Amino acid sequence: MPRRALDQLLADPSGQSWAILWREGEDEAEILVGEVQDLERLHDIPRPTGEAPVLAMVPYRQIAERGFDAHDDGAPLRVLRPTLTGRVPVEDLVAALPTGPVEVTGERFSVSDEDYAATVARVIEEEIGEGEGANFVIRRDVVGHTGTDPSLAVLTWLRTLLLDERGAYWTFAVHTPGHSLVGATPERHVSVRDGRVSMNPISGTFRHPEREADPDGARLRASFAAFVADTKETEELFMVVDEEMKMMAEVCSEGGRITGPYLKQMAHLTHTEYLLDGRSDRDVRDVLRHTMFAPTVTGSPMENACTVIRRHEPTGRGYYSGVLALLDLDEDGGERLDAPILIRTAHVGGDGTVTVSAGATLVRHSDPVAECAETSAKARGVLAALGLRPRRDLGYAVDLADLPGVADSLAARNEALAPFWLAPQDSRPDPLLLGRRVLVVDAADAWTQMLAHMLRHLGMAAQVRRWEQVSTADVTRGPWDLVLFGPGPGDPTDRADPRVVRLRELLQARLDTVQPLLAVCLSHQVLCTLAGLQIGKLPSPHQGVQLPVDLWGDVRLIGFYNTFVALPPEDGRVPAVAGRELEMAVHRLGEGLGAADGASSRRDESVVALRGPGLASSQGHAESVLSRDGMITLHGLLRHALKPALPDP
């Protein structure tokens, strides 16, 4: 009896725990009715048995498992273990769901437009402008109250979402004691099936014009063409792709491959997205843990983004930006995972408090007023289902992907991206690098995972370690043919930052032994300070910027994520470190630089790379998807750093 589970659920929705899930591409919705259990860690999520899956509600505070900052608001890691399951055609589900009114009163924003705009401005100036990261997602909430039983409320709102929304990855309702959820999320976070891991970063938001004011669609076509060509929207997407590729490089033995971009068209909004795909033999819980949480709802670099969120958001996020995680078994008994992000979702507490959260991705040239409007637009679909906004026409009878020029404009985005991440990554070892052992020092940014994957692609044996776990003995007496000092957020001149202090110690120790080293981004800047170069601050941070730079006669297109730069000596002297003269690759910026210590400077050049006997460094990220020439650049730097130890080719 396919309707048994639904009938039992509807007979007593408040007296039991349950979930209704409609997943993209399916003709039927899944019904789960069962018992709940609260856990401490993702590792404790039980294995599915037989035909019964396991559904986990993973709150944002679970990010603490990775050692990252978060407000502890007590939202539980909750698992629903079904005792009864079923599948129902969507049209039958809609017909069976309640239709009565659900009143919500006292609707308000948790943060006013003015205060939110002020927060946006602070994040841009104090965080992005000080080198703390490339982008950050700051949320605010719409809060109200309903006297309707939470289970009945979410069932009623689910019906409206099933009728009115389009393009959702999951449309769902979940009811458990004290915590009920209903939503239509556009974004898969991570899935694992048959050993393949998929992630689906979505960023860039086009708000559909009001249909009534644009009857012939002319405004829609013009504004959408502008959106597809918009630099901010494009850079937002590239930045989150870079951040999720860091995760893919960690959990997938062969790294990840990028396909897209695609459009995700919904009723009120359209987004741009990429699909990331790779192979992994890791346990699905391990994959879930190492990918907490999506940069589209946190920012990058991930660890510092969590610190920034905790600093600028006054309260915990509950389940917003966490995931629902459905674990089931394939025909061979292997575990599968499907985990959408909890956005475009309403949370109903046991006391009737209704919360809808939405965030905007803040980048270096974000407009605070526009970011306010974006949070409102993202919440609109859910708020309409809750009766807090007028229900709108389902939209234009047009597929935006079919508009003239759209497909070509989207495809053109890939022309300047790294072929390495767009193509199958069969290993192509360099015989001169094959088997060389590399210690990769992680300075609190998982770029090091992508770098390690590229090193392995070239035949090298790479091991990544956090900066706190690396001693001077490791870099001076270890078995390493090369030490690669990685990127990280922050000010390279900040002697109060323990990471900067440790990087200085480790770099100096390695330099003193005259053993090969390579330094990237923050570590490049620290190396430059050891060479006596002054550090400058960019008037406009290079966060997610692609620049053509001349590296000793070869022009390379490289991605940059930096606020600070090293300045070439004004007197024209040749810099040196540990008795070794250095060659500089200098890039003209076309704008004056302010010195990091506040002194004035009119110099408009920065040192984008260094090389000398047994060492090389780069301000840019050869590992970024923005680095069209990343692999050839990294290969050249490696060859140079290791040259004294390499046989003649």
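Where a number appears in this text, it was derived from the coordinates with a stated rule and is not lab data. This one's a predicted model, so the numbers in the text were calculated from it and none came from an experiment. All Cβ positions, even for glycine, are placed from backbone atoms using ideal geometry, and neighbour counts span all protein chains on display.
One table, with the values for the structure above:
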item	result
Summed residue charge, Cβ within 12 Å of Leu527's Cβ, Lys/Arg positive, Asp/Glu negative	+4
Thr160, Thr49, Thr298 arranged by Cβ crowding within 10 Å, fewest neighbours leading	Thr49, Thr160, Thr298
5 angstrom amide H check on Ser17, placed H, neighbours 5+ away	Gly34
Low-density loop cleavage sites - GluC sites (Glu not before Pro) in segment 254-342, where at most 14 other Cβ are within 10 Å (DSSP)	Glu331
Sorted by Cβ neighbour density within 10 Å, fewest at the top, the residues Leu434, Leu152	Leu434, Leu152
Cα centroid separation, segment 178-205 to segment 2-59 (Å)	17
Extension gain (nm, one decimal) between Arg639 and Glu331, 0.36 nm per residue minus Cα-Cα	106.1 nm
Gyration tensor verdict on segment 24-119 (Cα atoms; rounded if a/c is under 1.5, prolate if a/b is larger than b/c, oblate otherwise)	oblate
Tilt relative to the chain, helix 447-457 - C-alpha long axis, 0 to 90 degrees, to 10	70
Distance (nanometres) between label positions extended 7 Å along Cα→Cβ at Ala11 and Asp73	3.6
Cα-based shape type of segment 61-211, given that a ≥ b ≥ c are square roots of the gyration tensor eigenvalues and the cut on a/c is 1.5	prolate
Estimated [θ] at 222 nm from DSSP helical runs (n ≥ 4, -39500 (n - 2.57)) normalised by residues in the chain, nearest 500	-8000 deg cm²/dmol
Student exercise, segment 413-460 dipole from Lys, Arg, Asp, Glu Cβ charges, in Debye to nearest 20	140
Lys, Arg +1 and Asp, Glu -1 on Cβ, resulting dipole of the chain about Cα centre, debye, nearest 20	1100
Taking the C-alpha atoms of segment 425-645, convex hull volume expressed per residue in Å³	110
Size of the chain as Cα extents on the principal axes (Å, biggest first)	81, 54, 46
Cα-based helix-to-principal-axis angle, 368-385 vs the chain, degrees rounded to 10	30
Vicinal HN-Hα couplings computed from phi for segment 326-343 (Karplus, 6.51 cos²θ - 1.76 cosθ + 1.60; Hz; Gly/Pro x)	9, 10, 9, 10, 8, 5, 8, x, x, 7, 10, 9, 9, 9, x, 7, 7, 10
Helix 302-312 axis, angle to the chain major axis (alpha carbon atoms, nearest 10°)	60
Residue (of His43, Pro89, Val102) at the positive-pole extreme of segment 38-103, dipole from beta-carbon charges	His43
Net charge contributed by nearby residues that have their C-beta within less than 12 Å of Val192 (K/R +1, D/E -1)	-2
Residues Arg87 and Leu275, FRET efficiency given R0 of 22 Å [Cβ-Cβ distance, rounded to 0.05]	0.25
Rounded Å value of the spacing that divides the Cα centres of segment 334-363 and segment 141-168	13
Cα centroid of segment 429-491 to Cα centroid of segment 71-103, whole Å	46
Estimated inter-spin distance, Glu103 and Glu24, nm [label 7 Å along Cα→Cβ]	3.9
Theoretical gain in end-to-end length, Asp408 to Arg311 [0.36 nm per residue, Cα-Cα removed]	30.8 nm
Per residue, the convex hull volume that the Cα atoms of segment 469-511 enclose (Å³)	73
Leading residue at positive end of dipole, segment 477-533 (Cβ point charges), from Ala531, Gly478, Leu518	Gly478
Ile45, Ile341 arranged by Cβ crowding within 10 Å, fewest neighbours leading	Ile45, Ile341
Sum of side-chain charges, Cys252 neighbourhood, beta-carbon under 10 Å (Lys, Arg +1; Asp, Glu -1)	0
Theoretical FRET efficiency, 1/(1+(r/R0)^6), r = Cβ-Cβ of Leu530 and Asp430, R0 35 Å, to 0.05	0.75
Test item: Cα-centred dipole of segment 482-537, Lys/Arg +1 and Asp/Glu -1 on Cβ, debye	20
Additional length obtainable on full extension of the chain from Glu581 to Ala423, 0.36 nm per residue less Cα span	53.0 nm
Inter-probe distance in nm under a simple model that places probes 7 Å from Cα toward Cβ, at Trp552 and Arg166	5.6
Relative contact order (%) - segment 4-414, alpha-carbon pairs under 8 angstrom, separation at least six	24
Leading residue at positive end of dipole, segment 4-414 (Cβ point charges), from Pro295, Gly144, Ala267	Gly144
